[in-house]
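Following: one structure in structure tokens, then a few remarks.
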Amino acid sequence: MVQHLKAALRKEMLAKRDCLIPEQIESMSEAIRENLFSRPRFKEAKTVAFYLNKSSEVDTLRMIGHALRIGKEVIVPVTDHKITFYRFSSFTDLQKGKYGILEPKARTPPSREPDVVVVPGVAFGLCMHRLGYGKGYYDKYLATSAAYRIGICYDFQVVEKLPNHPDDQRMDEILTEKRTITLE
């Protein structure tokens, strides 16, 4: 039953997200970047894990560039049978990997574990859970990570109640172009 509810919500949210035009994505992504870079835990972080966005997801490429300019070590995922993070060196060192998502060609391990993980999602709930694409890669990674978890999405992707499973991992914060959601 939970899987059926998740599949229906996933389909609905992806359809809404895919209706966005590039100008909307750019504008909302910039507002989310400003929100993210103002958060205390992000400001304190030395190493930040970002995802490399695909299609209509919140654009993280400018966030990555800005994080590098202010001296943060940026790490990005490579997805095989699990997520492994590697140091981001440049935008020219990227290739399409599994699922057509960009990933680094050079597989340089990070100098340390991330202080903050910026987490993608198809939807997020006010309960601080997220709905991903259904493969569980981020949930498996986050289950073993002590990093602070910041989910980013467009405001319409936040729902009051999200169906969840005991293995689903919670976020510490959810950021949109309009608000910051925390349990505090």
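We did not get these values from a lab; they are worked out from the coordinates using the rules stated. Please read all numbers here as calculations on a predicted model, not as lab measurements. So basically every Cβ, Gly included, is an ideal-geometry build from the backbone, and we count neighbours across all protein chains shown.
Brief remarks follow.
- For the chain, taking the reciprocal of the average inverse distance between every pair of different Cα atoms yields a Kirkwood hydrodynamic radius of 16.5 Å.
- Rounded to the nearest 500, the 222 nm mean residue ellipticity of the chain from helices alone is -9000 deg cm²/dmol, with -39,500 (n - 2.57) taken per DSSP H run of at least 4 residues.
- For Asp59, the residues whose modelled amide H falls within less than 5 Å of its own, excluding neighbours fewer than 5 places apart on the same chain, are Ser29.
- Hull volume per residue, based on the alpha-carbon atoms of the range 8-117 and their convex hull, is 123 Å³.
- The residues Cys127, Cys19, Cys153, when put in order of fewest to most other Cβ atoms within 10 Å, stand as Cys19, Cys127, Cys153.
- Residues of type lysines that Lys98 reaches as a straight line, Cα spacing below 19 Å, ignoring anything fewer than 8 places off in the same chain: Lys54, Lys82, Lys135, Lys140
- Helix 22-38 vs. the chain, principal-axis angle (Cα, 0 to 90°, nearest 10): 70 degrees
- Relative contact order [Cα under 8 Å, 6+ residues apart], the chain, whole percent: 23 percent
- Antiparallel DSSP beta bridges within the chain, percent to nearest 5: 50 percent
- Across the alpha-carbon set of the range 66-171, the Rg to Rh ratio works out to 0.97, Rh being the Kirkwood radius.
- The calculated FRET efficiency for the pair His165 and Glu30, based on their C-beta separation and a Förster distance of 25 Å, comes to about 0.15.
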